[in-house]
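A.B. asks: What follows is a single structure, and I will ask about it in a moment.
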Amino acid sequence: MPKATKGPSPAAAKTERLLNLVIALLSTRQPLSKARIREAVPDYSDNDEAFERMFERDKDELRALGIPLRTEPIDPFFDDEPGYRIDQREYALPELSFEPDELAVIGLASRAWSHASLAGPAAQAMRKLEAAGVVRDEASVAGIEPLLRTSEPAFEPVRDAVLTRTPLTFDYRGGSGDLAQRHVQPWSLTSWHGRWYVTGHDLDRDAPRVFRLDRISGRPARAGRPGGYDVPADHDPLTMIRASSGDAPGTSVVARLRVRDRAASSLRRRGTVVTDRSAPEGWDTLELAVGDLRALAEEVAAAGADVRVAEPPELAEQVRSILQAVLDAHGAGAA
């Protein structure tokens with residue numbers, strides 16, 4: 001006995017029917033009657049009442065999608081039966097054109113997501129723009145270093161939970177290094193100083209909390225139904241993140257960094273160039289207020305030889321410790 005083949009899902013069948021309906025209505029200059037549409041779109045039911053219900057729902061869906069479905073008389077002398085068609089001039093997208101500054105932003109955005117979980121969709125969007133004749137202006141964004149990286153496996157589950165307001169549970173490694181399970185209602189996902197943070201309500205502590213994505217171990221799991229809570233109307237994620245990082249007003253210290261010309265753009269945007277006659281030629285001295293010395297130390301260490309710490313001494317020591325750990329790990333791997 002032959003094995004029965006599984007047909008398409010109801011959603012897929014509906015999508016295929018709508019697509020066939022759009023093709024049929026676009027391919028004619030004259031309005032089509034319901035009978036002609038029924039013949040052209042084989043997915044409609046043979047039952048008259050079922051066909052009427054399906055066709056009325058499909059018309060509403062096409063219009064809700066912004067497709068210009070027009071109702072016109074089939075015969076200008078007899079308007080007893082309406083016909084339907086889609087005007088190709090109204091349906092076609094206008095020609096794409098961008099100003100130079102808009103192209104610069106598009107190019108920067110595609111570079112920003114090049115290491116992210118959205119790299120595939122971002123690259124696909126850029127290919128479509130290039131196929132339409134839109135060319136990025138790479139020179140206009142020279143020196144800009146986008147830091148939107150999402151290598152953390154927790155990014156996509158947290159992003160989806162924020163969008164759908166779904167509680168999560170995950171193992172989190174705090175500042176002490178201990179791993180503990182947390183139950184959280186995520187409110188927002190925010191990038192700050194090159195890191196991703198999720199803010200939300202910690203159900204275990206019954207208080208708002210901030211969590212760094214790179215400290216979440218593994219992939220978070222859903223711990224409730226979507227839409228199970230509301231985000232406070234006055235929620236300000238950056239204020240929460242700054243406060244948790246010790247970067248709130250009154251808690252910051254001033255760091256002085258020497259930065260090579262045309263390097264470390266992210267630090268330059270946050271800092272202020274000051275006069276420093278002792279700085280070597282080809283270097284600038286930056287001053288910036290910071291509360292989380294550890295986060296700044298990691299950023300300075302990542303910049304390599306392009307950034308040097310002038311003060312405070314504890315920042316220089318933290319950078320030295322990070323680089324030494326990298327050196328030790330490299331030595332251990334080579335042994």
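A.B. asks: Looking only at residues that are within 20 Å of the chain's Cα centre (by Cα) and closer than 18 Å to GLN185 by Cβ in the stretch 236-261, which one is modelled with the lowest pLDDT?
C.D. replies: Taking the stretch 236-261 first, the residues within 20 Å of the chain's Cα centre (by Cα) are 236-238, 241.
Of the ones still in play, those that are also closer than 18 Å to GLN185 by Cβ are 236-237, 241.
Details: ASP236: 89, PRO237: 89, ILE241: 85.
Residue satisfying both the conditions and the ranking: ILE241.
A.B. asks: Restricting the search to the stretch 38-51, which residues are closer than 16 Å to ALA24 by Cβ, open to solvent by 40 Å² or more (accessible area, probe 1.4 Å) and not in a helix (DSSP H, G or I)?
C.D. replies: Residues satisfying the conditions are PRO42, ASP43.
A.B. asks: Okay, moving on. Take ALA303 and tell me if it is at pLDDT 80 or above and assigned by the TED database to the domain that holds ARG260. If you could, list the steps in order and put the result at the bottom.
C.D. replies: On the way: at pLDDT 80 or above: yes; assigned by the TED database to the domain that holds ARG260: yes.
Considered against the rule, which asks whether it is at pLDDT 80 or above and assigned by the TED database to the domain that holds ARG260, ALA303 comes out as yes.
Each row is one residue, and each column tells you yes or no for (1) more than 36 Å from the chain's Cα centre (by Cα); (2) within 17 Å of LEU25 (Cα to Cα).
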residue	(1), (2)
ARG36	yes, yes
ARG53	yes, no
ARG57	no, yes
ILE67	no, yes
THR71	yes, yes
ILE74	yes, yes
PRO82	yes, yes
ARG85	yes, yes
GLN88	no, yes
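A.B. asks: I've got another one for you. Could you tell me whether any residue of the stretch 14-36 is under 30 Å from GLU156 (Cβ atoms), open to solvent by less than 30 Å² (accessible area, probe 1.4 Å) and at pLDDT 80 or above? Can you show your working first?
C.D. replies: First, the residues of the stretch 14-36 that are under 30 Å from GLU156 (Cβ atoms): 14-16, 18-19.
If we keep only those that are open to solvent by less than 30 Å² (accessible area, probe 1.4 Å) as well, we get 18.
Those still in the list that are at pLDDT 80 or above too: 18.
Yes, the stretch 14-36 contains a residue that is under 30 Å from GLU156 (Cβ atoms), open to solvent by less than 30 Å² (accessible area, probe 1.4 Å) and at pLDDT 80 or above.
A.B. asks: Being charged (D, E, K, R) and modelled with pLDDT under 90 narrows it down to one residue among ASP202, ASP214, ASP206; which is it? Don't jump to the end; show me each part of the working.
C.D. replies: Details: ASP202 fails: modelled with pLDDT under 90; ASP206 fails: modelled with pLDDT under 90.
Exactly one of ASP202, ASP214, ASP206 is charged (D, E, K, R) and modelled with pLDDT under 90, namely ASP214.
A.B. asks: I've got another one for you. Inspect all residues belonging to the stretch 303-319 and state whether any of them is open to solvent by 60 Å² or more (accessible area, probe 1.4 Å) and farther than 26 Å from SER244 by Cβ. Explain how you work it out, then say what you get.
C.D. replies: Let us first name the residues in the stretch 303-319 that are open to solvent by 60 Å² or more (accessible area, probe 1.4 Å), namely 305, 308, 311, 313-314, 317.
Then drop every residue that is not farther than 26 Å from SER244 by Cβ, which leaves 305, 308.
Scanning the stretch 303-319, I find at least one residue that is open to solvent by 60 Å² or more (accessible area, probe 1.4 Å) and farther than 26 Å from SER244 by Cβ, so the answer is yes.
A.B. asks: Would you confirm, using the coordinates I've provided, whether THR164 is surrounded by fewer than 17 Cβ atoms within 10 Å (Cβ to Cβ), at pLDDT 95 or above and more than 21 Å from ALA295 (Cα to Cα)?
C.D. replies: Values: surrounded by fewer than 17 Cβ atoms within 10 Å (Cβ to Cβ): yes; at pLDDT 95 or above: no; more than 21 Å from ALA295 (Cα to Cα): yes.
So THR164 does not fit the description; no.
A.B. asks: Cβ-Cβ under 7 Å, sequence separation 6+ or interchain: first residue in the stretch 198-225 and surrounded by fewer than 19 Cβ atoms within 10 Å (Cβ to Cβ), partner hydrophobic (A, V, I, L, M, F, W, C) and in a loop (DSSP other than H, G, I, E, B). Which pairs?
C.D. replies: Going by the 7 Å Cβ cut-off, the qualifying pairs are ARG219/ALA154.
The values are calculated or read from the model by the stated rules, or taken from the named source; none is laboratory data. No experiment lies behind these values; they were computed from the predicted model shown. Please note: Cβ atoms are built from the backbone with ideal geometry, for glycine as well, and neighbour counts cover all protein chains shown. All accessible areas refer to the heavy atoms of the entire protein, side chains included, with ligands and DNA or RNA removed. Shrake-Rupley method; radii C 1.70, N 1.55, O 1.52, S 1.80 Å.
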